[in-house]
Every structure is written in C-alpha cells, then in structure tokens.
Amino acid sequence: MRKLLLIPAVMMAAPTLASEIEERPTTIVQTNGLDLATADGQRRLGYRLNAAINEVCQPTGRDIRSLQEAAECRRNAQAEAANQASLAIMQAKQRKARLAATLVQPSA
C-alpha cells in the first residue's frame with residue numbers, strides 16, 4: 001500500500017521538536033490504485049491531494065485571523081504535497097522503467 005503523508009506546516013529551515021510536528025494537522029493520502037507514471041494517475045493524485053488539503057486546512061472560525069491561518073495552511077500543504085508528489089511520481093516512473101528494462105531481453 002503506497003501513501004503520501006501530508007504535513008501542511010513543515011518548516012524546512014529550522015529544526016522542530018517531535019511534539020511540534022504532532023500538533024500539526026496531518027492526513028494520509030492513499031496512492032494505491034494509481035499509476036503515478038501516467039498523466040491520468042498524476043491527475044487523480046492531484047484531486048486526492050486537493051481534497052486532503054481542503055479537509056486539513058479548514059478555518060477554525062470566521063474571523064480574519066482564522067481565514068488567514070487556513071490560507072497559510074493551504075499554501076504550506078500545497079508546497080509540501082507538491083514535493084512529496086514529485087518524489088512519488090519520480091519513483092513510479094523509475095519502477096516502470098526498471099520493469100520495462102527487465103522485460104526487454106536482447107535477442108542472441
């Protein structure tokens with residue numbers, strides 16, 4: 001089972017404590033059933049990621065601060081999701097290329 005862990009508020013520049021990471025909203029986006037080496041699989045992953053981001057980054061209120069925090073959460077989540085999706089897509093393409101290479105046997 002393949003999946004991406006979406007962590008919206010990842011701070012790459014500064015080290016974080018485990019407790020800080022645990023307090024951040026997260027969700028797991030399943031990638032099983034998707035062929036990420038294809039445009040269709042990548043498109044479907046995009047839909048799943050957008051749905052997860054919208055679920056995780058809900059405003060906690062209707063005030064401007066809550067709306068700004070939700071918007072920042074979405075920006076951070078989209079950036080993190082794009083990084084993780086790119087890695088997953090690259091790995092899927094590499095797996096497919098390795099499989100194709102093993103299936104193509106030079107004739108003697």
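General observations
- Identity of the residue in segment 54-72, assigned to a helix (DSSP H, G or I) and in contact with a helix residue (DSSP H, G or I) (Cβ under 9 Å, 6 or more places away or on another chain), that ends up farthest from residue 27 (Cα to Cα): 54
- Number of residues in segment 20-53 that are hydrophobic (A, V, I, L, M, F, W, C), farther than 19 Å from residue 79 by Cα and outside any loop (DSSP other than H, G, I, E, B): the value is 1.
- Cβ-Cβ under 7 Å pairs, at least 6 apart or on other chains, segment 28-54 side over 15 Å from residue 86 (Cα atoms), far side surrounded by 12 or more Cβ atoms within 10 Å (Cβ to Cβ) and among the polar types (S, T, N, Q): 52/27; 53/78
- Subset tally (residues that are under 22 Å from residue 99 (Cβ atoms) and surrounded by 14 or more Cβ atoms within 10 Å (Cβ to Cβ)) for segment 36-60: 7
- Hits in segment 61-95 (condition: among the aliphatic types (A, V, I, L, M) and surrounded by fewer than 16 Cβ atoms within 10 Å (Cβ to Cβ)): 64, 67, 71, 79, 82, 87, 90
- Criterion: under 23 Å from residue 38 (Cα atoms) and among the β-branched types (Val, Ile, Thr) - qualifying residue of 64, 53: 53
- Selection from segment 55-108 of residues that are free of Cβ contacts under 8 Å to residues at least 40 places away in the same chain and small (Gly, Ala, Ser): 61, 66, 70, 71, 79, 82, 86, 97, 100, 101, 107, 108
Any read-out appearing in this document is the output of simple, stated calculations on the displayed coordinates, not a laboratory observation. Quick caveat, the model's predicted, so the values are computed rather than measured. Here the Cβ is made from the backbone with ideal geometry for all residues, glycine too, and neighbour counts use every protein chain on show.
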